[in-house]
Ligand code: G16
């Protein structure tokens, strides 16, 4: 590599002004966009090194996902479509923060420590969401990739899950799918249409209203609609004419527990909200009395897992099914999964990178965060077994048919990462085959009332947790205060953790009383404010 060139471009065009340190968090770097130029240049170089080390294509996605427009960020994607390995997250953080004068030596050290052959080829796929700052940040990443002599495929504005799909297709010689956006759209739509033969079925009506968070998902949803024709009508709103993720999108609807701006007022309409880069999805509707009902990631996970379980049993194949959640999962969903569905369920830390890896331990692993981020992963050997069984004429017809239905269902899934639009098509497929409307779907269990709050503190890193974020070990005294509050509420549960995508501490509380849950959450938030260096006004406890 030409280190002089790397150094001179760094100093002249993408200097580290050392305004503030950035960290590779829950899903990459995320900060105000004007702090990120040098980070993107350096991540461009780092992806080239990672590509040389893995001898495979690496992905670089410029997005701040659910955050509002002034933020931006970057997620790096490893060869199998998974998030960057955690050991490289540390390398990335160090590289992003060092002064310009140390850049070349830091790169040489990475090459030595990681045993990278500088002469290996390298290839990087890049994409960005619709944020205005995305274009110049993508130029910075491209400068970094070029400076390190990497080969670039720039797909411009695409969704995060499309980028993950493209990386996997490139690394599997097309066996997962064609490495183009069109290949992605056709793969998912064809799989859906092999299941869904008509627009309506019993209570199921093939029409949904989609809140696209004014983000890139609106573009992808329009492309889906063009090839879905009238098999599914997607009525898109918040399609890019308003501010990104502002009073709309999956995160807003989930956390505020209310419809997004511009939502149709019609009762019992099946509505879907996705986030700014289209990797999260939740459903909601208003009932006859205009009461808001949320069907979040837990609900989507249970719908998918219960249908998969039914098909696995019918196929008589020996397949171990499992479900992965985080501490944010509603307690009622976890009880329903373990006691009614009788599917093994495990809890991991927040962040799809944690859930994805845990899900890979099952033959078929369904993972979902309550915020709507999730997918299904299937072991290659298991997929092969299912496909073979679907064509084995020696098996009873019932078993063959179930295997064949399993194959089609798995094809609707973007296994590479949580994908709002693929998940939405999967939900639509299951509701269709079951002949369910959204009310029937919701009947499976009743959520415990819950509330999430954000607390601003001087330094969110003072919050340290263990046990998949369910216990707080620092600052001292905070967990015992939380335990004391939890004990006051029937079916009470609460935890706090530092966000890895926003400069805040998150608070979650649930209990069996909707009239008390706001008070409960505010009390926990107040404890954080008092014991963890809160700034700004103290949370107000409702009377
Ligand atoms: C990212 C991660 C998710 C995580 C979310 C919130 O989502 O991919 O796994 O749940 O951040 O993380 P935190 O609570 O640490 O802020 P997205 O959609 O913003 O990329």
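If you go through region 213-238 and keep only what is within 26 Å of residue 440 (Cβ to Cβ) and either in contact (Cβ under 8 Å) with a residue 12 or more places away in the chain or outside any helix (DSSP H, G or I) (or both), you end up with 221, 224, 228, 230, 231, 232, 233, 234, 235, 236, 237. Only one of the numbered conditions (1) part of a loop (DSSP other than H, G, I, E, B); (2) surrounded by fewer than 16 Cβ atoms within 10 Å (Cβ to Cβ); (3) more than 24 Å from the chain's Cα centre (by Cα) is not met by residue 503, and that is (3). Looking across 306, 263, 267, 289, one residue alone is more than 16 Å from the ligand (Cβ to nearest atom), surrounded by fewer than 24 Cβ atoms within 10 Å (Cβ to Cβ) and under 25 Å from residue 322 (Cα atoms). It is 306.
Let's see how each residue does on (1) farther than 26 Å from residue 161 by Cβ; (2) in contact (Cβ under 8 Å) with a residue 24 or more places away in the chain:
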residue: 423; (1), (2): no, yes
residue: 426; (1), (2): no, yes
residue: 431; (1), (2): no, yes
residue: 434; (1), (2): no, yes
residue: 451; (1), (2): yes, yes
residue: 457; (1), (2): yes, yes
residue: 466; (1), (2): yes, no
residue: 479; (1), (2): yes, no
residue: 486; (1), (2): yes, no
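You will find that of 85, 71, 113, 119, the residue that is surrounded by fewer than 16 Cβ atoms within 10 Å (Cβ to Cβ) and farther than 23 Å from residue 153 by Cα is 113 and no other.
Reported count of residues in region 12-64, each being on the phi > 0 side of the Ramachandran plot and either in a loop (DSSP other than H, G, I, E, B) or more than 16 Å from the ligand (Cβ to nearest atom) (or both), is 2. Please verify whether region 523-535 includes one or more residues that are free of Cβ contacts under 8 Å to residues at least 24 places away in the same chain and either out of contact with any helix residue (DSSP H, G or I) (no Cβ under 9 Å at 6 or more places or on another chain) or within 16 Å of the ligand (Cβ to nearest atom) (or both). Looking for residues that are free of Cβ contacts under 8 Å to residues at least 24 places away in the same chain and either out of contact with any helix residue (DSSP H, G or I) (no Cβ under 9 Å at 6 or more places or on another chain) or within 16 Å of the ligand (Cβ to nearest atom) (or both), one finds at least one in region 523-535, hence yes. When region 395-424 is limited to residues that are within 16 Å of residue 297 (Cβ to Cβ) and either away from the ligand (no atom under 16 Å from the Cβ) or not in a helix (DSSP H, G or I) (or both), the one that is nearest to the chain's Cα centre (by Cα) turns out to be 418.
In region 358-378, the count of residues that are closer than 28 Å to residue 257 by Cβ, over 20 Å from the mean Cα position of the chain (by Cα) and assigned to a helix (DSSP H, G or I) is zero. Looking only at region 55-78, which residues are touching a helix residue (DSSP H, G or I) at 6+ places or on another chain (Cβ under 9 Å) and more than 23 Å from residue 134 (Cα to Cα)? Across region 55-78, the qualifying residue is only 56. Which one is farthest from the ligand (Cβ to nearest atom) among residues in region 323-361 that are over 19 Å from residue 509 (Cα atoms) and surrounded by 23 or more Cβ atoms within 10 Å (Cβ to Cβ)? Going through the qualifying residues, I end up with 337. Is there a residue in region 170-180 that is in contact with a strand residue (DSSP E or B) (Cβ under 7 Å, 6 or more places away or on another chain) and over 30 Å from residue 68 (Cα atoms)? The answer is yes, given that some residue of region 170-180 is in contact with a strand residue (DSSP E or B) (Cβ under 7 Å, 6 or more places away or on another chain) and over 30 Å from residue 68 (Cα atoms). Listed conditions (1) within 11 Å of the ligand (Cβ to nearest atom); (2) within 15 Å of residue 151 (Cα to Cα) are all met by residue 67, apart from (2).
How about region 232-269: which of its residues are modelled with pLDDT of 95 or more and within 21 Å of residue 200 (Cα to Cα)? Of everything in region 232-269, those that are modelled with pLDDT of 95 or more and within 21 Å of residue 200 (Cα to Cα) turn out to be 232, 233, 234, 235, 236. You will find that of 515, 476, the residue that is closer than 30 Å to residue 269 by Cβ, more than 16 Å from the ligand (Cβ to nearest atom) and part of a loop (DSSP other than H, G, I, E, B) is 515 and no other.
The values are calculated or read from the model by the stated rules, or taken from the named source; none is laboratory data. The structure presented is a predicted model; accordingly, all values stated were derived computationally and were not measured. For neighbour counting, all protein chains shown are included, and Cβ atoms are generated from backbone atoms with ideal geometry for every residue, glycine included.
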